[in-house]
Amino acid sequence: MEQWLAFVQERWFVIIAALVVLMIVINVVKTVIKWVIVLAVLGGIVFYGANYTDQIKEVGGQLVTQFKDEALKQMAGEVKEAKYTANPDGSFVITTTSIKIEGAAGAAEVTLYFKGQKVGTFPIEGALQAFIEAAKQQK
């Protein structure tokens, strides 16, 4: 049901266009073909709406990847101003002007924020590992 609500909210113009086409077909065409066209249009809307969730997931994945890539590029430029804060419970926070990293000592993953928006949880490896080590050394 949520999928259909998202579809209606974000693609309402497709539904309106389909309704206009249906009204024209019903008023102009007077044969059995009219009902074939009506069923084809309704089937197309149902098929498009049913596959809408896949499209949302695909776009969401692309956005996360884009944010992560942008944040990693930004990290290279802001490593000198990184502030490492160790908390008593073993967690840590690294902040710069546009990046915030939260994690726990010994954990395999950290949470990455870019310009105040949570990008996601990522494994500590490569550029992320180098950034954390550089921030620790600047304490």
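The values are calculated or read from the model by the stated rules, or taken from the named source; none is laboratory data. Since we're looking at a predicted model, the values are computed, not measured. Because the Cβ atoms are built from the backbone with ideal geometry, glycine has one as well, and the counts that use them run over all protein chains shown.
Anything in segment 92-139 that is at positive phi and among the basic types (Lys, Arg)? List them, or say none. Break it down stepwise before answering.
Our first condition is that a residue be at positive phi; within segment 92-139, this holds for 106, 115-116, 120, 126.
Across segment 92-139, the qualifying residue is only Lys115.
Somewhere in segment 47-56, is a residue at pLDDT below 75 and loosely packed, with under 11 Cβ neighbours inside 10 Å? Can you show your working first?
Going residue by residue through segment 47-56, those that are at pLDDT below 75 are 48-56.
In the following step, the residues that additionally are loosely packed, with under 11 Cβ neighbours inside 10 Å were identified as 54.
Checked segment 47-56: at least one residue is at pLDDT below 75 and loosely packed, with under 11 Cβ neighbours inside 10 Å.
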(request) Mind listing just one residue for me: the one in segment 71-101 that is farther than 15 Å from Phe122 by Cβ and among the β-branched types (Val, Ile, Thr) and, of those, farthest from the chain's Cα centre (by Cα)? (result) Thr85
(message) Condition (residue is in contact with a Lys or Arg (Cβ under 9 Å, 6 or more places away or on another chain) and surrounded by fewer than 18 Cβ atoms within 10 Å (Cβ to Cβ)) applied to segment 77-84: is it met by at least one residue?
(response) yes
(message) Given the criterion of a type outside the set (Phe, Trp, Tyr), closer than 15 Å to Gln74 by Cα and either at pLDDT 85 or above or part of a strand (DSSP E or B) (or both), identify the matching residue among Val93, Val119, Val110.
(response) Val119
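Could you list, in sequence order, all residues of segment 94-122 that are of a type in the set (Ser, Thr, Tyr), farther than 16 Å from Lys136 by Cα and in contact with a helix residue (DSSP H, G or I) (Cβ under 8 Å, 6 or more places away or on another chain)? Explain how you work it out, then say what you get.
Within segment 94-122, the first condition is being of a type in the set (Ser, Thr, Tyr), and the residues that meet it are 95-98, 111, 113, 121.
With the extra rule that they be farther than 16 Å from Lys136 by Cα, the set shrinks to 97-98, 111, 113, 121.
Once the filter is applied, which keeps residues that are of a type in the set (Ser, Thr, Tyr), farther than 16 Å from Lys136 by Cα and in contact with a helix residue (DSSP H, G or I) (Cβ under 8 Å, 6 or more places away or on another chain), segment 94-122 yields Thr97, Ser98.
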(message) Return the residues of segment 9-34 that are surrounded by fewer than 10 Cβ atoms within 10 Å (Cβ to Cβ), more than 39 Å from the chain's Cα centre (by Cα) and not basic (Lys, Arg); say none if nothing qualifies.
(response) Asn27, Val28, Thr31, Val32
(request) Output the residue which, of all residues in segment 102-117 that are surrounded by fewer than 13 Cβ atoms within 10 Å (Cβ to Cβ) and more than 19 Å from Gly90 (Cα to Cα), is farthest from the chain's Cα centre (by Cα). (result) Gly116
(message) Please go through segment 15-48 and give me each residue that is in a loop (DSSP other than H, G, I, E, B) and of a type outside the set (Ser, Thr, Tyr), ordered by number.
(response) Val29, Lys30
